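What follows is a single structure, written as structure tokens, with notes after it.
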Amino acid sequence: MTQQKYGLLMNQLRRTGWFLRTGNQELWTRSSSIFLESSCSSSAGLVLQSQSTDVHQNLALEDWIDAHVDLQQRSILLLWRNRPAVVIGRHQNPWSECNLPAMRRAGIPLARRRSGGGTVYHDLGNLNLTFFASTKAYDRQRNLKVVTEALRGLRPDLDIRATERFDILMNGCFKISGTASRLSRKSSYHHCTLLHSADPVALSTLLRPSSPGIHSNATPSISSPVANLTDHAPSLQWEELLEALVQQYNKEFGLCATSILIDPSDESLFPGVGRMAAELCSWEWTFGKTPKFSIETQLELTDKHLDLCCSAHLLMEVKNGLVDRCQLDVPTDWLPPNLSVQISEVLVGERFCPHRAAAAVTVLLRSQSGQLHRRMHLLCDAVLSVIG
Amino acid sequence: MLRWRRLLLLAIMLTLLFLNRCLADCHPTSQYDRTTLLDLRFNSGFPRFHDATFGPIFGSLFEEVLVVLLATPGRTARFSRRRRGNHAGVRVRIRSLRRNGNAGRFASLDVPPCDSPPRFIQILLHQRLDRTYGSCHPTRRTGGVCPRNLCYPVRSGVRRSSVDEVSQQFCCRRSHPQTFRYKRSLQIPFFRWEGDCSRSLHTSIVWQGPIVQFKLSDIGEGIMEVTVKEWYVKEGDKVSQFDSICEVQSDKASVTITSRYDGVIRKLYYDVDATALVGKPLVDIETESSSELIQEEDVVETPAMAREEHTHQEIKGHKTQATPAVRRLAMENNIKLSEVVGTGKDGRILKEDILNFLAKQTGAILPPTPPFQEIQTPCPTPSVLAAAAAGLVGTPSTTKPPPKTIRPVFTEKDVTEPIKGFQKAMVKTMMAALKIPHFGYCDEVDLSRLVTLRSELRRVSESRGVKLSYMPFFIKAASLGLLHFPILNASVDESCQNITYKASHNIGLAMDTSQGLLVPNVKNVQLLSVFEIAQELNRLQALGAAGQLGATELSGGTFTLSNIGSIGGTYAKPVILPPEVAIGALGKIQVLPRFDASGELIPAHIMKVSWSADHRIIDGATMCRFSNLWREYLENPACMVLDLK
């Protein structure tokens, strides 16, 4: 029944889609007024629920709303969740925040969001809430109050409190929600996670650094003990939680919006959203936007044929995700210096990415044979393992 | 003798011509005669304009001199004629000149310390300037309403142009052909100047706007300090209102700071990762205009100049958003902003919107321009062109001449960038490959039977979750061939002293991945079944698509097949990848007419193959025999079954 209702609303939304061609703001004015006329006619607010579980699509939807919707007279709550994914903050270093090799093996995507804050793990047991408002109406504690009040209403016995750092703690020590936000000239959004029944093992294994010895001014994540809501309230149902949050949002902001299902890949509703998602997917955004950093480490090398061991020193500077400088000090009895210089040379200018670096060094390896080839191969492998 | 007289006559004629030309060129029809020096004098540190300022010289005796008459408000402006050479030259360059509504024009100029005047002087140019130069509004120009028509003779190649254009011209020092920005503002006359350049003409006008300290505004929640995370601009960059200046972060909030002014960034107060304080300066912006023109927020539009022919209903108080530069453009073209549909963020009106609006009105992307106007490569939108083509030009168009054919000026430049990373490695490998004496051998293969076989096996394979292409057959057939010709699966040392016969058949295949063309290899093909090869190819393709091919997959190849035909082409000339000694390139599979055994014409699936081998250790016969064997396996796939292990 509710599904029918949503379908109806979606049709209305679609019918108003042509407004987008004349002015993007219109859609939201008209569509929301349609919803409001049917229920009440006080103030303008919307609750949207994304049908997509693709992290890039959902982040692109946030950007689209932020960029195209007039939020001066209106506030919007977007509810969404993702298939397993790791999301880093705008100014973070993915190599020091998450275990990229493990993520590649498991096929878990990495996304860089446009808001600040630290790294979070998403899966279908985690709810994301995005509060859109004008920059003037931007108030994170008030938004968090919606969540805490809703949870208190659902389970009065749980001790749920928001902290000064805009985290939400359960029973005083377990973090169940993390926050990040983005402010533009006129619009703003604040999003937070809410761990309902996320996979704690994946969370802890994936949020580990992939490369050792990174020196950077990138925003570090502060790890905290986390818990799922279902750990302490096993009977808490997903639907129940959503309903309570929507109700509390309406109550807090004096609205009477019902939740509308939307598809963030729908170009007719959100023209240009696909392009935004593609940009968020790109290597240039996800890795290339990493603040410049350096990586300094020792490489242990063992030539099994001669039972010879030595250690090399590697120093790399990475700017915009590209190797800017590479210094490889290898004992000269192990490898002639010109060969280690050659490895450094082909890495400079290449992406700090094991795939591209591997492609470059393997081409280089073709020009060597015998013992030198073997040693160079070992060295390259060691360097590539650092790249993560 | 006759010759000398002729020469003399010629010389005299040339001289006369020359002088005549000079006089004609440099004699304006205005109140100024050619010997008038329009100079700039200073009085107790503040400039008093006695007449005008003028431009730089460009080398030779006959120079183009820009003369811009600057008139200050009545009390400070006095006009006096001075004979040239009376005053020391001052090098000044025009930076900008802009209107302040209908009241007058703003000008800013910079004078170097030769006469020790203040560095930045702002002068309000009242209507005087308008009166002097008239206006460039099309209505006025065509209607001849110009109060005082200053039609200076313009020599070909010297254009009437706007002040901005001239300043640009000066910047470029005419070292290369000019491309003029489309801008219609003030027209200024050009003089041809004859005279003693050394004393009087070392002058140009530098206009510089006031420098504004752009302060970090309050970002709410009581935040007093933020960390600067990324600069989007650097010193010397030009910014427009609402352009992003930097990204700051505070307490998990990422904030984009946008410019409130149009101008040039003169100073950044913080490095990346420094802490910036709210209320303290973030950048210095040299604004293009006076502060009176700077609007902090969106403003309610004041109607532009009234135009009788406008019958559109005016939306009073309708909020339009546009930068001052756009407003000016609109005003100069008598366009009401309320009539323009903005395509920018929040419906903001962009320069393109004004140009498009103008194009729709006039039927061309450009307004009527002087004949010598050059245009930067215009990109008229298809709709505009279509409208123009369909004759859907603006209402007054019937009286206008058809739009002129615009010959675009090609402004793109060559780009040089260093060879780095993978490409650099490739250079090295290919230089090594070039030392190998290659020989080529080509043949065609009839794949008709393989096509049938594969279509049968594909279903089986897909039921096991593996996509089966032709490639596994090609690879397996090559491996079976290599068992008979191990010399093709070998490597030679650099000095060509030893051949190493490789035990493993690690067959590489060129693969178009998300990260470019890479050559991963299937290891130990001699041990694998066709299905296992297909499985491995599927895995490599998935890794390639995800950008996850590692050194393991990419190194250790002993023989290579390049499936270039999947992109196109029939024959190729593949280059051996050292230390390998042979490579094959496969063309596309085409259905072509061929004769069968009984002489009947049949459609056959034909693929061309091109081999390259290292002639130092491989002779043509070996390659040919290998190719025949490989072809045999593919033309009669049943044979493969016999030899499979």
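Kindly check whether there is at least one residue in segment B:616-637 that is among the aliphatic types (A, V, I, L, M), in contact with a Gly (Cβ under 8 Å, 6 or more places away or on another chain) and either within 14 Å of another protein chain (Cβ to nearest Cβ) or under 22 Å from residue B:506 (Cβ atoms) (or both). Yes, the conditions are met somewhere in segment B:616-637. Is it the case that residue A:321 is surrounded by 17 or more Cβ atoms within 10 Å (Cβ to Cβ) and more than 12 Å from every other protein chain (Cβ to nearest Cβ)? Taking the combined requirement at face value, the residue satisfies it.
Pull up segment B:240-251, narrow it to residues that are free of Cβ contacts under 8 Å to residues at least 40 places away in the same chain and within 10 Å of another protein chain (Cβ to nearest Cβ), then point me to the one that is farthest from the chain's Cα centre (by Cα). Looking at residues that are free of Cβ contacts under 8 Å to residues at least 40 places away in the same chain and within 10 Å of another protein chain (Cβ to nearest Cβ), I get B:251. When segment A:354-374 is examined, which residues are found to be out of contact with any helix residue (DSSP H, G or I) (no Cβ under 7 Å at 6 or more places or on another chain) and either crowded, with 23+ Cβ neighbours inside 10 Å or modelled with pLDDT of 90 or more (or both)? The one that is out of contact with any helix residue (DSSP H, G or I) (no Cβ under 7 Å at 6 or more places or on another chain) and either crowded, with 23+ Cβ neighbours inside 10 Å or modelled with pLDDT of 90 or more (or both): A:355. Of the set (1) in contact with a Ser or Thr (Cβ under 7 Å, 6 or more places away or on another chain); (2) more than 14 Å from every other protein chain (Cβ to nearest Cβ); (3) over 21 Å from residue B:541 (Cα atoms), all apply to residue B:468 but (3). For segment A:354-370, the criterion of being of a type outside the set (Ser, Thr, Tyr), assigned to a strand (DSSP E or B), within 28 Å of the chain's Cα centre (by Cα) and within 11 Å of another protein chain (Cβ to nearest Cβ) is met by no residue. Number of residues in segment A:77-91 that are out of contact with any strand residue (DSSP E or B) (no Cβ under 7 Å at 6 or more places or on another chain) and within 13 Å of chain B (Cβ to nearest Cβ): the value is 0. Applying the criterion of being open to solvent by 30 Å² or more (accessible area, probe 1.4 Å) and not in a strand (DSSP E or B) to the residues of segment B:253-273, the residue that is farthest from the other protein chains (Cβ to nearest Cβ) is B:269. Among the residues making up segment A:336-352, those that are part of a loop (DSSP other than H, G, I, E, B) and within 7 Å of chain B (Cβ to nearest Cβ) are A:348, A:349, A:350.
So that you can scan it fast, the table gives a plain yes or no per residue for (1) open to solvent by 30 Å² or more (accessible area, probe 1.4 Å); (2) in a loop (DSSP other than H, G, I, E, B); (3) under 22 Å from residue B:604 (Cβ atoms):
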| residue | (1), (2), (3) |
| --- | --- |
| B:441 | yes, no, yes |
| B:469 | yes, yes, yes |
| B:473 | no, no, yes |
| B:478 | no, no, yes |
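Each row is one residue, and each column tells you yes or no for (1) touching a residue at least 40 places away in the same chain (Cβ under 8 Å); (2) in contact with a strand residue (DSSP E or B) (Cβ under 6 Å, 6 or more places away or on another chain); (3) of a type in the set (Phe, Trp, Tyr).
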position	(1), (2), (3)
B:564	yes, yes, no
B:567	yes, no, no
B:599	no, no, no
B:613	yes, yes, no
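Selection over segment A:137-154 of residues that are touching a residue at least 60 places away in the same chain (Cβ under 8 Å) and touching a Ser or Thr at 6+ places or on another chain (Cβ under 9 Å) gives a count of 2. If you filter segment B:207-239 down to residues that are closer than 12 Å to residue B:270 by Cβ and of a type outside the set (Phe, Trp, Tyr), you find that the one that is nearest to the other protein chains (Cβ to nearest Cβ) is B:229.
Quick check on this structure: which one of A:178, A:125, A:172, A:153 is open to solvent by less than 20 Å² (accessible area, probe 1.4 Å), more than 12 Å from chain B (Cβ to nearest Cβ) and either of a type outside the set (A, V, I, L, M, F, W, C) or within 15 Å of residue A:242 (Cβ to Cβ) (or both)?
A:125
Yes or no, residue by residue, for (1) within 12 Å of chain B (Cβ to nearest Cβ); (2) over 22 Å from residue A:176 (Cα atoms); (3) assigned to a helix (DSSP H, G or I):
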{"residue": "A:52", "(1), (2), (3)": "no, yes, no"}
{"residue": "A:66", "(1), (2), (3)": "yes, yes, yes"}
{"residue": "A:75", "(1), (2), (3)": "no, yes, no"}
{"residue": "A:96", "(1), (2), (3)": "no, yes, yes"}
{"residue": "A:108", "(1), (2), (3)": "yes, no, no"}
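A single member of A:197, A:187, A:181, A:216 is of a type in the set (Ser, Thr, Tyr), within 15 Å of residue A:127 (Cα to Cα) and touching a residue at least 40 places away in the same chain (Cβ under 8 Å), and it is A:197. Examine segment B:554-561 for a residue that is away from chain A (no Cβ under 14 Å) and without any contact (Cβ under 8 Å) to a residue 40 or more places away in the chain, and state whether such a residue exists. The answer is no, given that none of the residues of segment B:554-561 is away from chain A (no Cβ under 14 Å) and without any contact (Cβ under 8 Å) to a residue 40 or more places away in the chain. The numbered conditions (1) over 26 Å from residue B:228 (Cβ atoms); (2) in contact with a strand residue (DSSP E or B) (Cβ under 8 Å, 6 or more places away or on another chain) are all true for residue A:114 except (1).
The values are calculated or read from the model by the stated rules, or taken from the named source; none is laboratory data. What you see is a predicted model; the values in this text were computed from it and never measured. Don't worry about glycine lacking a Cβ; one is built from the backbone with ideal geometry, like all the others, and counts go over all protein chains shown. Just so you know, the surface numbers come from the protein's heavy atoms only, side chains and all, with ligands and any DNA or RNA stripped out. Shrake-Rupley method; radii C 1.70, N 1.55, O 1.52, S 1.80 Å.
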